[in-house]
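As structure tokens, the structure follows; a few thoughts come after it.
The values are calculated or read from the model by the stated rules, or taken from the named source; none is laboratory data. Being a predicted model, the structure only gives us computed values, none of them experimental. So basically every Cβ, Gly included, is an ideal-geometry build from the backbone, and we count neighbours across all protein chains shown.
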2 protein chains.
Amino acid sequence: MVRWEPDAYGRLRDAALSLFVEQGFEKTTVAQIAERAGLNRRTFFHHFADKREVVFAGQLASDDLIATEIRAQPPGTDPLHAAVAGLMLASDTLYEQYREGAIQLGAVIAASPELQEREMVKRATLADTIAAALRDRGTSEAGATVSGWAAVAMFFVARNRWNQPGNQRPLSDLIDEAHKEFLTA
Amino acid sequence: MVRWEPDAYGRLRDAALSLFVEQGFEKTTVAQIAERAGLNRRTFFHHFADKREVVFAGQLASDDLIATEIRAQPPGTDPLHAAVAGLMLASDTLYEQYREGAIQLGAVIAASPELQEREMVKRATLADTIAAALRDRGTSEAGATVSGWAAVAMFFVARNRWNQPGNQRPLSDLIDEAHKEFLTA
């Protein structure tokens with residue numbers, strides 16, 4: 001029986017992130033994460049399939065929000081603009097308040113080839129999500145797939161700039177900027 | 001001492017592909033690949049770091065050719081057109097003659113999550129190669145990165161169409177078509 005714990009998910013995520021930062025992703029065990037969160041392994045596996053999933057926690061919620069926003073764009077909005085609108089909303093709603101955590105997480109991923117490989121798969125999932133939402137709006141197969149990947153690339157260019165020390169600009173501004181740089185390149 | 005064997009590379013690649021098709025990637029060992037090619041394990045490791053690399057053999061040569069062609073595009077050519085020109089040349093030069101092998105390889109990758117993850121990393125390498133060549137031509141950072149990923153997406157959309165049973169059109173035509181679909185989406 002899994003005992004109910006107030007905000008077990010958030011406590012496990014915070015404990016995992018602090019351990020990954022202190023001693024690296026590879027050296028951290030699920031037992032250590034649970035112990036630091038004051039919970040047991042069973043509660044961990046109730047919330048996460050494995051320790052890699054903690055790193056990418058929240059992406060599913062973010063992907064859903066992006067897809068919903070894309071589908072809600074006015075008819076006639078071109079696919080890249082629709083995709084960018086979805087990414088900007090998710091940035092304001094889900095990312096902006098976690099900038100410090102996102103910077104730490106970025107460093108953890110950069111230090112682990114296993115996590116980098118996993119992040120590429122997560123990017124592909126996001127590109128597929130965007131492309132599916134665009135196809136629902138009537139965009140052609142190739143147009144939707146290519147727009148999905150282009151939008152994901154804009155998002156990651158912007159996130160790299162947002163993560164820089166000293167940056168004061170919100171992520172959504174930087175996505176808009178990357179989009180404009182692409183259109184005028 | 002590695003004995004010189006005529007076209008050991010090609011024999012190993014063909015042996016690996018036929019074994020992957022027959023019994024799957026996961027069940028195939030390096031020893032089996034070497035045996036079928038009439039060579040030893042040592043010769044295998046002289047040519048390939050591991051059995052995953054056999055699947056992606058040739059990508060480095062292809063990436064080099066694409067980058068060289070992009071750099072050779074006339075000044076003023078927009079980044080996406082320059083990237084597409086590089087992909088079309090590589091398709092005509094390196095891919096067209098191996099369509100049967102590419103179809104078989106596509107099925108092997110589709111059956112293996114490990115290879116799919118690896119293919120995503122290879123796509124990122126190609127996107128980075130294209131972006132670096134575009135930056136050398138003066139394209140902005142964001143413009144080059146986003147164009148790199150958009151071009152890679154066009155390439156994979158086109159390759160999926162090229163791999164369909166009954167397709168008669170060359171890969172480079174299908175890349176051109178995907179590019180036009182994106183521009184008019």
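Observations, loosely collected:
- Within the range B:29-77, tally of residues that are among the hydrophobic types (A, V, I, L, M, F, W, C) and within 29 Å of B:Ala144 (Cα to Cα): 10
- Positions within the range A:1-51 being part of a helix (DSSP H, G or I), of a type in the set (A, V, I, L, M) and within 19 Å of A:Tyr98 (Cβ to Cβ), in sequence order: A:Ala8, A:Leu12, A:Ala15, A:Ala16, A:Leu17, A:Leu19, A:Val21, A:Ile33
- Top-ranked residue in the range A:71-100 [being at pLDDT 90 or above and β-branched (Val, Ile, Thr); ranked as surrounded by the fewest Cβ atoms within 10 Å (Cβ to Cβ)]: A:Thr77
- Test: residue in the range A:30-48 that is modelled with pLDDT under 95 and closer than 25 Å to A:Phe155 by Cα: no
- Residue identified as within 8 Å of another protein chain (Cβ to nearest Cβ), under 24 Å from B:Pro74 (Cα atoms) and not in a loop (DSSP other than H, G, I, E, B) among B:Ala144, B:Ala132: B:Ala144
- Yes/no for B:Ala158 being within 11 Å of chain A (Cβ to nearest Cβ), hydrophobic (A, V, I, L, M, F, W, C), under 24 Å from A:His81 (Cβ atoms) and buried (at least 17 other Cβ atoms within 10 Å of the Cβ): no
- Taken together, the residues in the range B:167-185 that are touching a helix residue (DSSP H, G or I) at 6+ places or on another chain (Cβ under 9 Å), outside any helix (DSSP H, G or I) and more than 9 Å from chain A (Cβ to nearest Cβ) amount to 3.
- Screening the candidates B:Gln116, B:Gln164 for the property of being outside any helix (DSSP H, G or I) and either within 13 Å of chain A (Cβ to nearest Cβ) or in contact with a helix residue (DSSP H, G or I) (Cβ under 9 Å, 6 or more places away or on another chain) (or both) yields one hit, B:Gln164.
- Total residues in the range A:57-70 satisfying the condition of being more than 15 Å from the chain's Cα centre (by Cα) and loosely packed, with under 14 Cβ neighbours inside 10 Å: the figure is 1.
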